[in-house]
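A short worksheet on the structure shown next.
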Amino acid sequence: MRWLIVGLMALILAGCESRRAARERAREAYVAGQQQAMAQQRLYQSQRPSVTVEGQVQQHLVPWTEGLTLARAIVAATYTGFMNPSSVRVLRNGQVVQNIPGVDLLRGQDMPLQPGDVVQLNP
C-alpha cells in the first residue's frame with residue numbers, strides 16, 4: 001500500500017512538472033513572437049514613411065501619405081478609448097511641436113503631419 005501511494009505521488013509530481021514546462025515553453029514562444037513582430041514593425045518603418053500613434057488605438061503605425069493630418073491619422077489608427085483623449089501631443093524629431101486639448105481637436109483644430117511624427121493620445 002505504501003508503494004502505491006509513493007508511486008501515485010511520483011506520477012502527480014511528474015505531471016505538475018510537465019505542465020510547468022509546457023507553460024514555460026508557451027511563454028517563451030509568446031515572447032519570441034512578440035520580438036519577431038517588433039522586428040517586422042521596425043523593418044516596415046524603415047521601408048515606408050509612416051506616423052506612429054501611441055495610446056488606445058488598434059494600429060500604432062499609420063502609413064504616411066501626402067495630405068495626412070492629425071485627425072486623419074487618429075481615424076486611420078482606429079481610436080479605441082472609452083472617452084475622448086484629454087490631450088493630443090505631436091512629436092517631431094523627439095521635440096513637441098503641438099499639444100492640443102482633445103476638445104479642440106474635436107472642434108476642428110487639425111494640423112498636417114510629416115513622416116516620422118509621433119502622435120501621443122493622452123487619456
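No value in this document is a laboratory result; all are computed from the given coordinates. Not measured: the values here are computed from a predicted model. Positions of Cβ are generated from backbone atoms using ideal geometry, with glycine treated the same way; all protein chains shown enter the neighbour counts.
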Residues of the range 52-70 being surrounded by fewer than 18 Cβ atoms within 10 Å (Cβ to Cβ) and part of a loop (DSSP other than H, G, I, E, B), in sequence order, are GLN56, GLN58, GLN59, HIS60, TRP64, THR65, GLU66, GLY67
Taking the range 74-123 and keeping residues part of a strand (DSSP E or B) and touching a residue at least 60 places away in the same chain (Cβ under 8 Å) leaves VAL118, VAL119, GLN120, LEU121, ASN122
